[in-house]
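FYI, it's all coordinate maths here, none of it is from the lab. Owing to the predicted nature of the structure, the values given are computational and were not obtained by experimental measurement. So basically every Cβ, Gly included, is an ideal-geometry build from the backbone, and we count neighbours across all protein chains shown.
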Amino acid sequence: MGRLICISNRIPLGPNPSGGLVVALQDVLERTGGIWIGSAAETVEEPAETLTEVEGGPFRRLSFDLSADEKENYYAGHSNSMLWPLFHDRADLIEIRSEYYDAYRTVNRRIARLVATILKPDDRIWVHDFHLLPLAHELRALGAKNPVGFFLHTPFPTPLGLQAMPYGAELCHWLMEYDLVGLQAERDVVHAVGGMQLLGGAELQDDGRMRMGALSTRIAAFPIGIDTDDFARLAATQFDLLPQGIVKPTRQMMIGVDRLDYSKGLPQRFRAFGTFLERNEEWHRHVSLLQISPPTREGVKAYDAIRDELESLSGRVNGRFADITWQPIRYIHRPIPRDTLAGLYRAAHVGLVTPLMDGMNLVAKEFVAAQNPDDPGVLILSRFAGAAEQMEAALLVNPHDEQGVSDTILTALTMPRHERQERWELLMAGVQAQDVHWWSEAFLSALDGAVEGAVDRATQAEEPPQEAEAPTGAA
Ligand code: GDG
């Protein structure tokens, strides 16, 4: 079997929040002598036309350079200020700028050139996430015929949402150049198929593949999982090591763990908890919310705004309800070590996972994996997380309905042990069956299958796709 080449914006380095992905792919990377390619940690003045070896680590890693301008326009700009909000149903936040688009295309073109220099004919390529949507298109333009799969970690926008992008049709075309497009949830598949039909003029064939002219691809859902057994073991060990005072016999703890991102529904969550306290005075001093929200994408305007909003909201709820022995919300705006996090999930009675839109949401799965089977906590989960499709035994909520969330908090806090156990067993069975190992194997075997079902790339090379025009002017 040929090598697996993974390409993502960032190379996984050391301990990091997306550790599950590395664990899942480590085996196959080691087995095939595979390589992970991602951007270098530091920007440079003049990006090199070569990849650089990154020392250490269990598998081979190579980095590509970015200039400071590219970091600004390709990463902070096009990826985080344009695609991220668009894909999270926040078209009101998107910034459309031609310099963002130009940098995005330039960087993707360069990455393709660099990858082409090391590519062997039997390599399989797995491209990750929205930073690299055009990569297969660029690789094909250079003549690469290798199997190329793409996995989108975010939701896929609705066909209508996609029209907020000046080059939605072009995006559909980029996707057609992959052999397999993996999405998180079935809802995303419906959106992608609809968008590609409406904007890209693609057709859905009887065999389930999409076709656009000579191009053909398969689009399917591969809900990402976690390293469940490992996380469960970690939580059981770490629970005993938590500092004294975290678990109080007379107080229940609710936990939220989310990067400080506007997609995670944090202000709505704080307001819903405020509503709960307002309506349920008997719970004062008997429940607290521990919210861990490490900073992310600092310097992007919308992120600075959410930080200010959250600080003021937590202050308001605490100011109104706290007393000298009780603080309703403990809001921590820095990362917590993964081990401690696992123990904290287990100590919590309720996991509050209420994003307004989320590709999957691994926190929901970590919370379940971390529970004590004899006395498990309750998961409150937003319907707008991709995870909701698999986790129907959670208490599913609409995060926009603050009174509804407040009622559900009461249901969770008062749920009898037998119901908690029944729900947890169902949830844990799913989180265990579809863990991160299942996910990577399912994707890679579907990639092999998709390549067999695809038309010969040699015939496609004779019909080069039309480039759509770059957007002009700023919105
Ligand atoms: C994207 C998609 C999709 C959080 N705070 C700390 C910390 N974390 C860890 C969590 C979890 C991870 O970060 C967050 O994963 P999520 O899935 O919840 O969300 P995103 O970061 O938005 O990830 C998402 C995911 O990609 C995978 O495809 O599920 O929908 O948006 O593992 O535990 N980890 C540590 N300290 C923290 O303070 N150590």
About the Cα centre, and with charges only on the beta carbon of Lys, Arg (+1) and Asp, Glu (-1), how big is the dipole of segment 104-189? Nearest 20 debye, please. 340 debye
Please work out the Cα center distance from segment 311-388 to segment 37-68, rounded to the nearest Å. 35 Å
Just check segment 228-433 against the gyration tensor rule for me: Cα atoms, a ≥ b ≥ c as the square roots of the eigenvalues, rounded for a/c under 1.5, and otherwise prolate or oblate depending on whether a/b exceeds b/c. rounded
Given charges at beta-carbon only (K, R positive; D, E negative), |dipole| of the chain in Debye: 960 debye
Can you classify segment 282-393 as rounded, prolate or oblate using the Cα gyration tensor, where a ≥ b ≥ c are the square roots of its eigenvalues, rounded means a/c under 1.5, and otherwise it's prolate if a/b beats b/c and oblate if not? oblate
Using a 10 Å cut-off on Cβ atoms, rank the peptides 24-33, 234-243 from the highest mean neighbour count down. 24-33, 234-243
One finds the C-alpha centres of segment 118-173 and segment 397-439 to be spaced, in Å, by 34 Å
Among SER440, PHE321, ALA348 the positive-end extreme of the charge dipole of the chain (Cβ point charges): PHE321
Tell me the Rg and the Dmax, in Å, that the Cα atoms of the chain produce. 22.9, 74
Helix axis angle, 301-321 relative to the chain longest principal axis, alpha carbon, degrees: 10 degrees
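Note the full-extension length gain between LEU241 and GLN205 as 0.36 nm times their separation in residues minus their Cα-Cα distance, in nm to one decimal.
Stretched out fully, the LEU241 to GLN205 stretch lengthens by 7.4 nm.
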For a label point 7 Å from the Cα of LEU160 along Cα→C-beta, name the residues of segment 85-115 whose backbone N is under 14 Å from it. 89-92
Separation between the GLU452 and ASP102 pseudo-spin-labels, each 7 Å from Cα along Cα→Cβ, expressed in nm? 4.7 nm
List the residues whose amide H sits under 5 Å from the amide H of LEU289, counting only those 5 or more places along or on another chain, with H placed 1.01 Å from N in the peptide plane. MET254, ILE329, ARG330
Can you find, among LEU114, GLY225, TRP126, the residue sitting farthest towards the positive end of the charge dipole of the chain, where Lys and Arg contribute +1 and Asp and Glu -1 at Cβ? GLY225
Between 0 and 90°, nearest 10: helix 417-433 axis offset from the chain longest Cα axis: 20 degrees
Given charges of +1 on the Cβ of Lys and Arg and -1 on the Cβ of Asp and Glu, with all other atoms neutral, how large is the dipole of segment 228-433 about its Cα centre, in debye to the nearest 20? 440 debye
Rank TRP174, ALA450, TYR74 by how far each Cα sits towards the positive end of the charge dipole of the chain (+1 on Lys, Arg Cβ; -1 on Asp, Glu Cβ) and give me just the farthest. TYR74
Could you give the angle, 0 to 90 degrees to the nearest 10, between helix 266-279's Cα long axis and the longest principal axis of the Cα atoms of the chain? 20 degrees
Measuring from label point to label point, each 7 Å out along Cα→Cβ, what is the ASP374 to ILE118 span in nm? 5.0 nm
